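Heads up, the thing below is written out as structure tokens.
The values are calculated or read from the model by the stated rules, or taken from the named source; none is laboratory data. The model shown is predicted, which means the values in this text are computed figures rather than measured ones. Positions of Cβ are generated from backbone atoms using ideal geometry, with glycine treated the same way; all protein chains shown enter the neighbour counts.
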Amino acid sequence: MLPRLIQGGMGAGVSSWTLAREVSRLGQLGVVSGTALDSILVRRLWDGDPGGHARRAMAAFPSQAIVTAVLARYFRDGGASAASRGQRYKLAPLLRSPLKADRNGLIVLANFVEVSLAKEGHTGVVGINYLEKIQLPTLPSLYGAMLAKVDVVLMGAGIPIEIPAVLDRLTEHLDVAITLDVLDAGDRRFELRFDPASVGLGPIVGAADLPRPAFLPIVSAAILAKALLRKSPDGIQGFVVEGPIAGGHNAPPRGKLQLDEDGEPVYGDRDVVDLEQMRSFGVPFWLAGAYGTRARFLEALAAGARGVQVGTAFAFCEESGLDPDLRHRFLVSIVDGDGEVFTDPVASPTGFPFKVAELMGTLSDDAAYEDRPRLCDLGYLRRAYLRADGTLDYRCPSEPVDDFVRKGGQVADTLGRKCLCNALVTNIGMGQRRPDGYTELPMLTAGNDLASVQAHISPGSLSYHARDVVASLLDGTTCSEDGLNTTAAGIVTGRPSRIHSAAMRPSAGDDWSPDPPPPATVTTDGRPGCGPTTGRPSGRIG
């Protein structure tokens, strides 16, 4: 049975290998974000691979030919000089179907590296999170993670109905395919295909099968979970049930979109997840969306959940991949009472509502957004469309408006759209500097409930660790800087949620009692729940 606590897969590189490794070392499910890992690896190497971590993992990759080619193209010994001018980072080629062998190889390698680093030095479980909407790199990404023996694959922002069969085939290094969503294609069907042998990996790995990771789709409705189970009754090992107050992308409200007086989507009774039906499926599920406090964790157990997925509290801890200055500025805003999160209905090119943490000097600032030159050079959120001549091309509503319209898009679809790809990698200190001198700005995302962050900070202490989050959830304690345990606070800051906990409330008349809470952990320094541990703490895995 998987742990009760899942650390959410956030942003591009926010759920980094350092964060996932620490959470897994503490006996819970640490998760790396699978978004844009190829670009993140390129930029790490371009910066000289500080600490040598990427190259250490690459040394264990089964195809050293791919490693050699990637290092030759992207590694700079010592990184960029502080006085360097022009474009900061070299770019990998934009993703297009079919992917070329070298592009596939880079994606496989990048996912292998991130998972391998997250699994170093402990025996805990490690997962990786993908977005179904980002289709082009999905297949080689999965294979790279599986080569590194990833334990769990999570996937949201779409309906990942074909993924269980893909995981089954990749265990045997077989070729795989999924349907490519193509705009303006009518009844024509397009596929994305990947064969490990095409990049020289299948024969090198040999006949030994890879471990098949557990698959946890991220869903926002019981009816979707039911459809996925009907399609793959043995291929799904559980669900993450995510409410609309979670950070990042949210499922759109059911029915006609309505906005409140602040311009945020209104969620109603139709968006409340039927937990009684979720329990009836007989597979474990974890609740997500403002479950970052002990009280909410126990509430989830009482509702029949296996546990919870928590993102926001982990996003701002020291082990996350967030740029330290960006983290500090947002934590200051929370302490000052200015921290707010806005559910933007149009910011994401995907069309899904997206949580934007409001902070001056980021793309949440209208003036900063207007000053940014529109361009699309990472392209993960581009959509394939069918041209009049029968070939595929790609468009993104965040690209230059004239380009988007020339490709068949509508001007209305470009209004308010922001370049998430560049903003999210800037969040982790890897922002691009353009040849003209313009430097990309970040755009933070967080869940509505900032109480899970507020519990760990104060005006005199804006630093906390993943172990503090784990302890506060599972043991009801938090670790102060002097090493003493204190009761976790429950202070809510920012804009209040429009639906709060009702969206995850068990049905009336339920007589479910909570599972026994996980026992307190004992660390090597004798403090319950705080400080370093070794291996997997007993009693933390069900």
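Out of the residues in region 452-487 that are closer than 16 Å to residue 298 by Cα and surrounded by fewer than 24 Cβ atoms within 10 Å (Cβ to Cβ), state the one that is modelled with the highest pLDDT. Even if it seems obvious, please write down each step before you answer.
Pass one, region 452-487, residues closer than 16 Å to residue 298 by Cα: 452, 469-477, 487.
Narrowing further to those that are surrounded by fewer than 24 Cβ atoms within 10 Å (Cβ to Cβ): 475-477, 487.
Numbers: 475: 84, 476: 64, 477: 52, 487: 34.
Per the criteria, the residue is 475.
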Confirm whether residue 310 is under 21 Å from the mean Cα position of the chain (by Cα) and crowded, with 19+ Cβ neighbours inside 10 Å. yes
Can you name every residue in region 453-472 that is within 18 Å of residue 319 (Cα to Cα), more than 18 Å from the chain's Cα centre (by Cα) and of a type in the set (Gly, Ala, Ser)? 455, 461, 463, 471, 472
Can you work out which of the residues in region 403-451 that are in contact with a strand residue (DSSP E or B) (Cβ under 7 Å, 6 or more places away or on another chain) and exposed (fewer than 15 other Cβ atoms within 10 Å of the Cβ) is nearest to residue 248 (Cα to Cα)? 439
Consider region 94-115. How many of its residues are assigned to a helix (DSSP H, G or I) and more than 17 Å from the chain's Cα centre (by Cα)? 8
Selection status of residue 399, without any contact (Cβ under 8 Å) to a residue 60 or more places away in the chain and not in a loop (DSSP other than H, G, I, E, B): no
Tell me, yes or no, whether region 279-286 has at least one residue that is within 14 Å of residue 353 (Cα to Cα) and aromatic (Phe, Trp, Tyr). no
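Yes/no per residue for (1) in a loop (DSSP other than H, G, I, E, B); (2) without any contact (Cβ under 8 Å) to a residue 60 or more places away in the chain; (3) in contact with a Ser or Thr (Cβ under 7 Å, 6 or more places away or on another chain):
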site	(1), (2), (3)
245	yes, no, yes
251	yes, no, yes
254	yes, yes, no
261	yes, yes, no
278	no, yes, no
283	yes, yes, no
286	no, no, no
304	yes, no, no
309	no, no, no
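Give me a count of the residues in region 1-24 that are of a type in the set (D, E, K, R) and either surrounded by 24 or more Cβ atoms within 10 Å (Cβ to Cβ) or not in a helix (DSSP H, G or I) (or both). Write out each step before concluding.
The initial filter retains those residues of region 1-24 that are of a type in the set (D, E, K, R), namely 4, 21-22.
Next, only the ones that are either surrounded by 24 or more Cβ atoms within 10 Å (Cβ to Cβ) or not in a helix (DSSP H, G or I) (or both) stay: 4, 22.
Of the residues in that region, 2 qualify.
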Yes/no for residue 122 being in a loop (DSSP other than H, G, I, E, B), over 21 Å from the mean Cα position of the chain (by Cα), touching a residue at least 40 places away in the same chain (Cβ under 8 Å) and more than 27 Å from residue 349 (Cα to Cα): yes
Residues to consider are 54, 80, 12; find the one that is modelled with pLDDT under 95, hydrophobic (A, V, I, L, M, F, W, C) and in contact with a Lys or Arg (Cβ under 8 Å, 6 or more places away or on another chain). 80
With in contact with a helix residue (DSSP H, G or I) (Cβ under 6 Å, 6 or more places away or on another chain) and not polar (S, T, N, Q) as the only criterion, which of 282, 304, 311 stands out? 304
Unmet criterion (only one of (1) at pLDDT below 95; (2) in contact with a helix residue (DSSP H, G or I) (Cβ under 6 Å, 6 or more places away or on another chain); (3) more than 15 Å from residue 430 (Cα to Cα)) for residue 17: (1)
Please go through region 355-374 and give me each residue that is part of a loop (DSSP other than H, G, I, E, B), crowded, with 16+ Cβ neighbours inside 10 Å and not hydroxyl-bearing (Ser, Thr, Tyr), ordered by number. 358, 359, 363, 372, 374
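Need at least 2 residues that are surrounded by fewer than 16 Cβ atoms within 10 Å (Cβ to Cβ) per element, so show me which strands (runs of 3 or more DSSP E) inside region 139-210 make the cut, counting only ones lying wholly within it.
Strands (runs of 3 or more DSSP E) meeting the threshold: 176-180, 190-194.
Quick check: anything in region 33-41 surrounded by fewer than 18 Cβ atoms within 10 Å (Cβ to Cβ), in a loop (DSSP other than H, G, I, E, B) and of a type in the set (A, V, I, L, M)? Spell out how you get there, then give the answer.
Step one: of region 33-41, the residues surrounded by fewer than 18 Cβ atoms within 10 Å (Cβ to Cβ) are none.
Within region 33-41, none of the residues are surrounded by fewer than 18 Cβ atoms within 10 Å (Cβ to Cβ), in a loop (DSSP other than H, G, I, E, B) and of a type in the set (A, V, I, L, M).
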